[in-house]
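The values are calculated or read from the model by the stated rules, or taken from the named source; none is laboratory data. Model, not experiment: these values are computed from the prediction. All Cβ positions, glycine included, derive from the backbone under ideal geometry; neighbour counts span all protein chains shown.
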Amino acid sequence: MNPYISVENLSVKYGNDQVLHDVNFQTDKGEFIAIVGKSGSGKTSFLNALANLIPFSGTVKLPGAIGVIFQQYAVYPWLTVAENIEFGLNKVPASERKNIVEKHLQLSHMADKKDKYPAELSGGQVQRVALARCMANNPELLLMDEPYGALDSYTRDKMQEWLLEVWSAMRKTIIFVTHNIEEAIFLADRVLVLEEGKFVQDIKVPFARPRKAEIKFTPEFNELRKQISTFLN
Amino acid sequence: MSKKATGVIVVVAIILLWEAVSLSGVVNNSLFPAPSQVAAAGWQLLLSGVVKDIAVSMSRLLVGLIVGTVIGIAIGLLTGRSKTAAGILSPIIQLLRPLPPVAIIPLIIVWFGIGNGAKVFSIAFAVFFPVWINTHIGSKMIPKIYIWTGRLLTKSWFKKATKVIFPASLPFIVVGVRSGIALAFIMVFVSELAGASIGLGYRISIAHLAYRIDEMIFALALLAILGALTDYLFSVAVRRIFPWLKFKTI
C-alpha cells in the first residue's frame, strides 16, 4: 500500500547553510507524528518545506489540502475570532459558511468569544482559534509548529488533552513539531528525532488511546522519555 | 484632577497671561494684540464671511489629503511588497522625497495657475510622501507568517491585499496619514498665500497687507484649531472603523 504522505531526499539550504540533508519520511492516513529535536536541528524548516512555504529540493507527496499552525502570529489580530475561523472558507456558500464557523466555535469552546479580537484572548485561546481556523478548512494534513511552546505548563497540558479530543473526533493526519519530549510522547503515535537535518530515530509510542494525563507519571512513560532524551543528547 | 481639566486650565492661564501682558503696555499692543482684541476682530471676520474661506480651504485640504493618501497607500503597498515595483518606482520617489513641498509651488502656479486644481495638486504632492514611506515600510515589515497564512488559506490576490497586507500595514499607514494631515495644513496655507482669491491663507495675506495683526492671529488660531480637530477626528474615525487598532500603539 502506498504511504499517505511520502517525502524523499528532502533538502533545504539557506545560502550556504544546509539545514535538511536528504530527509526521507512516510506516514499513514490519520497518524499523529511528533518531531523532536534541538534548536536549529531543522524541525521548522521541515514543516515549512512540506507546506511549500520555502524552497527545497527532493520529492514531497501530500494528500491534498493542508493546514499549518505556527507558534507566533497564529491568527490575524485585525479579525475577530469568528472572522479568523471564516477566513479560509472562500468557496463555501455563505449559509454553509455560518454553520461551519458555528461548529468550530463550539468545538474550540470559543462560542462566547466569537466577537473578541485575539488581543483580548489568552495564549491558549489564541491557539484554539488557530486550530479551529485550520479545521474549518477541512485539511487532510495538519502541520503544527510548536503551537504550545509559549504557553505555561498548566495551559499546555489542557491544550494537549483538548487537541487529542479534536484529533480523535476528526482523525486528521498531524505532524507536530515540539522540543518538549513529554508532549511528543503524550500526543503522538510515532516520535521522530531530528538531528542536524536528518531523522536519526523513529520511535513507536506504545500507549493505548484515549490517553489521559496520568500516563505521564507511569514508569513506561518515563522510560520512553529517558530513551528519547538520550538520543537528543 | 483629570488630564482634560489640567489642559483647559493651562490654556486659560496662558490666555489670561497674554491678555495681561498685552494690556499692561509692556509690549506694543498693535504688534501683540490682546486675546479680547483678537476675538473681536474674529467676530468681525465671521460677520464678513470668513466661514466661506474656511469651507473653501478645508475642501481643498480634504481633496488633496484624500488624493495624496490613496495614491501614497496604493504605491506604498506596491513598492513594499513587490521588488520589481520597488526597483522601478522607489528611485524616483526617493529623489523627489527630500524636496520641500513648498518649493514646488512656484512651478505649480506656472503649470496649473492659481485655481483649485493647483492647490489640490500641491497638497496631494506633500501628503503623498509621508503616506508612501510609512506604507512602504509597514508593508515590508509584515511578519512572513501572516503572508504565509494568507497564501495557505486563499488564492485570491485581492483578498490577500485587502484582508492581510493592508490591515497588517495599517498602524504604519495611520502614522503616515497623520503626518500628511499636518503637511496638508501647511500646504493649503502656503498655496493660498502664494495666490488665491478666497481661503484662510488668502485672508491672512490680506490682513498682513492691511497690517491687521489681530485678524492674522485669529486666522492662524483658526488654522491651528482646524488642524488639531482634523487630526482628532481622523483618530476617532480610525478607531471606529478599525477597532482592533486600540490594542496597538499608534
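Figures for the structure shown
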quantity	calculated
Restricting the range A:145-196 to residues that are of a type in the set (S, T, N, Q) and in a strand (DSSP E or B), the residue that is surrounded by the fewest Cβ atoms within 10 Å (Cβ to Cβ)	A:THR173
Residue within the range B:92-100 that is under 16 Å from B:PHE185 (Cα atoms) and assigned by TED's automatic domain parsing to the domain that holds B:GLY64 present	yes
Count - residues of the range A:213-233 that are touching a residue at least 40 places away in the same chain (Cβ under 8 Å) and either closer than 22 Å to A:MET159 by Cβ or of a type in the set (S, T, N, Q) (or both)	4
Residue satisfying condition, being in contact (Cβ under 8 Å) with a residue 60 or more places away in the chain and of a type in the set (A, V, I, L, M), within set B:VAL110, B:VAL102	B:VAL102
Residue match in the range A:24-33 (condition: of a type in the set (Val, Ile, Thr) and touching a Phe, Trp or Tyr at 6+ places or on another chain (Cβ under 8 Å))	yes
The listed residue being closer than 24 Å to B:VAL70 by Cβ and within 16 Å of the chain's Cα centre (by Cα), out of B:ALA237, B:ALA161	B:ALA237
Breaking point among (1) within 14 Å of chain B (Cβ to nearest Cβ); (2) surrounded by fewer than 19 Cβ atoms within 10 Å (Cβ to Cβ); (3) closer than 20 Å to A:ALA65 by Cα, for A:LEU142	(2)
Residue match in the range B:55-73 (condition: farther than 30 Å from B:GLY117 by Cα and of a type in the set (Ser, Thr, Tyr))	no
Restricting the range B:193-250 to residues that are within 25 Å of B:GLN44 (Cβ to Cβ) and basic (Lys, Arg), the residue that is farthest from the other protein chains (Cβ to nearest Cβ)	B:ARG212
Selection status of B:GLY227, assigned by TED's automatic domain parsing to the domain that holds B:SER59 and at pLDDT 95 or above	no
Candidate set: the range B:194-213, residues that are surrounded by 20 or more Cβ atoms within 10 Å (Cβ to Cβ) and either in contact with a strand residue (DSSP E or B) (Cβ under 6 Å, 6 or more places away or on another chain) or aliphatic (A, V, I, L, M) (or both); chosen: the one nearest to B:VAL56 (Cα to Cα)	B:LEU200
Matching strands (runs of 3 or more DSSP E) fully within the range A:12-106 where at least 1 residues are within 13 Å of chain B (Cβ to nearest Cβ), at pLDDT below 95 and under 29 Å from B:PHE158 (Cβ atoms)	A:66-69
Hits in the range B:152-171 (condition: over 13 Å from B:GLY138 (Cα atoms) and part of a helix (DSSP H, G or I))	B:LEU152, B:LEU153, B:TRP157, B:PHE158, B:LYS159, B:LYS160, B:ALA161, B:THR162, B:LYS163
Test for A:ALA130: is it closer than 25 Å to A:ASN99 by Cβ and either β-branched (Val, Ile, Thr) or touching a strand residue (DSSP E or B) at 6+ places or on another chain (Cβ under 9 Å) (or both)	yes
Whichever residue in the range B:17-32 is of a type in the set (Ser, Thr, Tyr) and part of a helix (DSSP H, G or I) and, among such residues, is farthest from B:ASP214 (Cα to Cα)	B:SER24
Candidates A:GLN72, A:GLN106, filtered to the one that is surrounded by fewer than 16 Cβ atoms within 10 Å (Cβ to Cβ) and free of Cβ contacts under 8 Å to residues at least 24 places away in the same chain	A:GLN106
Subset tally (residues that are away from chain A (no Cβ under 11 Å) and buried (at least 19 other Cβ atoms within 10 Å of the Cβ)) for the range B:166-177	5
Qualifying helices (runs of 4 or more DSSP H) (wholly inside the range B:74-149; at least 3 residues being buried (at least 18 other Cβ atoms within 10 Å of the Cβ), at pLDDT 95 or above and β-branched (Val, Ile, Thr))	B:116-140
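To keep it simple, each residue is scored yes or no on (1) away from chain A (no Cβ under 14 Å); (2) touching an Asp or Glu at 6+ places or on another chain (Cβ under 8 Å).
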site	(1), (2)
B:ARG81	yes, no
B:ALA85	yes, no
B:GLY113	yes, no
B:LYS119	yes, yes
B:MET141	no, no
B:ILE147	no, no
B:VAL164	no, no
